[in-house]
Amino acid sequence: MKMRNKATVVVAATAALGLALSGCQQDNKDSKGVDSDKANEEISGLPSVDYQKAGYDEIADGGTLTYPMTEIPASLNYYHADGAHVDNNNLYGTSLGGPIKIKDDGSWEVDKNYAESVEIASEDPLVIDVKLNEDAVWEDGTPIDVEDYKAFWKTQSGENKKFEVASTKGYEDIESIKSGDDKYDVEVTFKTPNIDWPNYIGAFVPNEIAEDPKTFNKDYVKDVLPSNGPFKADKVDNKAGVITMVKNDKWWGQEPKLDKVIFKVVSQAQQAQAYANKEIDLVDIGTDGDSYETAGKREDGEIFKAQGMQWTHVTLNAEKGALKEQEVRDAIGHAINREAIAQAAIGPVEAPVTLVNNVTFMPGQDGYQDNADGSLDFDPEAAKKILDDAGWAEGDDGIREKDGEKLKFNIVVPADTASNAQRAEQVMKDLNEIGFKIKLETVPVAAYFADHVLNGNFDMATFTWQGTAFPISSGSNLFYPADSEQNHSKISSDAIGEKFKAASATLDQEEAKKLANEGDAEVLKLKPLIPFYPTPYVWGVKDDIVNLGPRQLETPDWTSIGFKK
């Protein structure tokens with residue numbers, strides 16, 4: 001299911017990651033012929049961005065763009081635990097920004113709309129000096145200043161447990177935020193160095209919201225957060241599933257070309273047809289072959305492909321029965337034919353097929369390396385032996401059991417989400433062949449995350465995570481600590497925490513990548529989840545739309561997205 005699969009880019013720097021509904025291997029060849037090393041090179045060969053580019057003066061004034069959503073998220077507060085969703089990421093791309101923006105190569109630069117400069121004032125202690133653009137205001141005209149920065153940091157830091165935030169990573173490492181020469185001079189002091197510090201120097205909600213837990217947790221469940229960008233919310237129609245964004249009359253930057261951006265809920269299963277029927281202006285095809293074919297038939301559309309930051313997996317809830325046992329999770333790692341899952345998903349959209357053997361850095365991203373050490377190679381016989389040695393014997397019904405407990409689990413699946421169901425069916429088939437009894441539990445799309453994944457009400461679940469430009473600190477939140485809001489497996493280890501903390505605490509990029517990969521290897525040893533494949537971004541876009549299309553990390557400029565003259 002694509003909640004976060006996100007045709008997603010980093011809009012406002014955030015520690016939160018988005019959710020989305022999307023024989024032995026020898027010589028790097030799997031049973032389907034996938035050469036992982038070669039495919040990794042191929043996927044790196046895809047462009048980091050792919051869209052029709054045009055200069056500002058080449059874009060027509062006006063127009064309405066209709067952008068699909070899979071659902072209106074459980075909370076429209078992107079910084080709340082229930083709001084870290086790809087659809088929110090897309091929505092707030094139009095209306096929220098901060099001192100930095102991401103370039104197409106994944107590096108960052110100062111966004112002059114929000115800051116005049118961002119500089120390291122000291123390395124020991126790490127002090128960042130942000131000089132704000134004094135013209136920058138919230139949608140009611142209130143200036144963005146140091147008080148917003150203080151309040152947002154305190155909300156996100158975890159100090160006040162009443163704030164139900166998606167992640168405290170990075171913010172918990174800040175010692176203080178204070179004003180320098182004036183309220184537009186923000187000095188951020190870290191307790192320890194943080195390699196991803198650019199990710200934690202923004203203020204994305206006004207201090208009036210960030211200072212009050214009730215306001216933060218409850219008031220923006222159904223309402224869009226106040227804008228500090230080129231568009232603002234005009235109307236949220238939860239019944240119809242439509243959010244209408246219009247020009248922000250308090251926007252101080254370059255005037256946006258579009259008059260409106262309408263976010264319209266269309267189920268993932270129906271999006272390609274809706275695009276072909278011209279009901280929406282673009283579609284994130286993901287890896288659905290039928291959708292790829294359907295979208296390709298639109299006569300006034302084009303298909304674009306870029307490197308992705310989304311990756312699929314099956315998460316194992318280690319609070320559920322035998323999934324607590326390392327040996328059971330190790331057996332699952334060898335039992336699942338990840339290559340078959342990847343080929344079935346990626347092959348039909350004519351994109352490179354590879355596997356994810358690193359859950360911190362994505363293929364094509366600086367720092368990626370294979371950290372699986374063979375533990376995810378497809379080898380059913382090895383899986384059986386692990387279970388045999390651990391005392392899980394096959395019963396008369398073919399289901400393995402030990403001390404009266406059977407290896408019986410459900411995989412929760414969102415309805416009408418073909419890619420999710422296909423992955424779950426392969427997992428079920430593979431595990432049942434080595435003595436598990438796996439069943440699919442299909443639930444309504446709207447309930448999948450809200451009532452199951454986010455509440456721990458599942459045994460196994462397969463969905464998609466969205467990577468970021470700052471993977472060391474943000475990615476580790478998925479695996480450490482055990483009670484992290486985004487660690488849905490609910491297990492972790494001291495080794496994971498120590499390595500990622502050390503990686504975050506150095507300002508040496510090469511050392512940080514080395515330590516992060518050591519931490520990543522510890523995650524793959526623990527196996528809180530089994531990663532599958534990275535999803536390239538494959539979009540269909542109406543052919544007169546410019547500056548909008550798939551991009552791995554680049555921040556889109558919504559003032560220059562529109563229709564060509």
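Values in this text are rule-based calculations from the coordinates and carry no lab data. Remember, it's a predicted structure, so these values are computed and weren't measured experimentally. Here the Cβ is made from the backbone with ideal geometry for all residues, glycine too, and neighbour counts use every protein chain on show.
At the listed q of 0.21 Å⁻¹, the Debye profile of segment 461-532, built from one uniform point per Cα, gives log10 I(q)/I(0) equal to -0.88. When each of the peptides 56-66, 550-560, 527-537, 182-192 is scored by how many other beta carbons lie within 10 Å of its residues on average, the order from highest to lowest is 527-537, 550-560, 182-192, 56-66. Here the peptides 489-501, 336-348, 153-165, 84-96 are ranked by packing, the mean other Cβ count within 10 Å, and the order with the highest first is 84-96, 336-348, 489-501, 153-165. For segment 261-404, the fraction of alpha-carbon pairs lying more than 28 Å apart is 42 percent, rounded to a whole number. The calculated Kirkwood hydrodynamic radius for segment 142-289 is 18.2 Å, given to one decimal from all distinct C-alpha pairs. Computed from backbone phi with θ = phi - 60° and the Karplus coefficients 6.51, -1.76 and 1.60, the 3J(HN,Hα) list for segment 500-512 is 6, 5, 5, 5, 5, 8, 10, 9, 8, 4, 5, 5, 4 Hz; x is used for glycine and proline. Using equal-weight Cα scatterers in the Debye expression, the normalised intensity of the chain in log10 at q = 0.06, 0.07, 0.11 Å⁻¹ is -0.28, -0.38, -0.97. Any idea what % of Cα-Cα pairs in segment 401-516 are farther than 16 Å? Percentage above 16 Å: 69.
Over all distinct Cα-Cα pairs of segment 330-445, the Kirkwood formula returns a hydrodynamic radius of 15.8 Å.
Two numbers describe the Cα atoms of segment 75-217: Rg and Dmax, which are 14.5, 39 Å. Treating r as the C-beta distance of Lys564 and Asp104 and R0 as 30 Å, the FRET efficiency rounds to 0.90.
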